1. Apply the Karplus parameterisation 6.51 cos²θ - 1.76 cosθ + 1.60, with θ equal to phi minus 60°, to every residue of region 85-90 and state each ³J(HN,Hα) to the nearest whole Hz, in sequence, with x for glycine and proline.
2. Find the relative contact order for region 15-136 and round it to a whole percent, using C-alpha pairs within less than 8 Å whose residues are 6+ positions apart.
3. Within 11 Å, Cβ to Cβ, of Glu58, how many net charges do the neighbouring residues add up to if Lys/Arg are +1 and Asp/Glu are -1?
4. Based solely on C-alpha atoms, express the radius of gyration and the Dmax of the chain in angstrom.
5. Which of the peptides 109-122, 42-55 is most tightly packed, and how do the rest follow, judged by the mean count of other Cβ atoms within 10 Å per residue?
6. How big is region 79-134 along each principal axis, measuring the range of its Cα positions in Å and listing the largest first?
7. State to the nearest 20 debye the size of the charge dipole of region 1-133 about its Cα centre, where the only charges are +1 on K and R beta carbons and -1 on D and E beta carbons.
8. Which listed residue (Pro61, Thr103, Val81) has the Cα farthest towards the positive end of the charge dipole for the chain, taking +1 on Lys and Arg C-beta and -1 on Asp and Glu C-beta about the Cα centre?
Amino acid sequence: MLWNRSIPRATVIPVLAYPDAQSASEWLCEAFGFTVRLRVDSHRVQLNVGDGAVIVRELRPTEFTVPLEILGLGHSCTIRVEDVDAHCSRAREHGARITQEPTTHPYGERQYVAEDPGGHSWTFSQSVIDKLPEEWGGASVQL
């Protein structure tokens, strides 16, 4: 596969819309620890997220008819972190609305869920134990 330096190398790159891409990207960096990879004028920002990426873009004029409180409804991004509790504290300090406090789940992940000012939902996940899916009610798929 040919790699282009103008786009992140990640295989999957979520693109999220906000009324103000610059403000949103600054907030995501401050609250969640993302870093800026590339800015495209004032309407698009590529962010580094660990070994992945997220692109923040400006809402298009036709999208301003969507109420901001439902903009992020129905989707979320999951990001792996080293320390979910410290990450949650940082996000809270920067104004993230925590919709699920850090919780350890039977499938071996400690997670919390936060909503950003644009209404997008983010799940931050820390592996705390390696569990077989069958141990908690899942089913492994043989490839």
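Taken together, the values in this text are just the output of simple stated rules run on the coordinates, not laboratory data. Here the structure is a predicted model, which means the values were calculated and not measured. Cβ: placed from backbone, ideal geometry, glycine included. Neighbour counts: every protein chain shown.
1. Those phi angles translate into 5, 5, 5, 4, 4, 4 Hz.
2. On the way: 222 pairs, mean separation 27.7, N = 122.
RCO, region 15-136: 23 percent.
3. Values: positive: Arg44, Arg57, Arg60; negative: Asp20, Asp41, Glu63.
Charge balance near Glu58 sits at 0.
4. Answer for the chain, Rg first and Dmax second: 16.6, 49 Å.
5. On the way: 109-122: 20.3, 42-55: 18.0.
Result, highest mean Cβ count within 10 Å first: 109-122, 42-55.
6. 37, 19, 15
7. Working: 13 positive and 17 negative charges, 93 e Å.
Computed charge dipole of region 1-133: roughly 440 debye.
8. Final value for the positive-end residue is Pro61.
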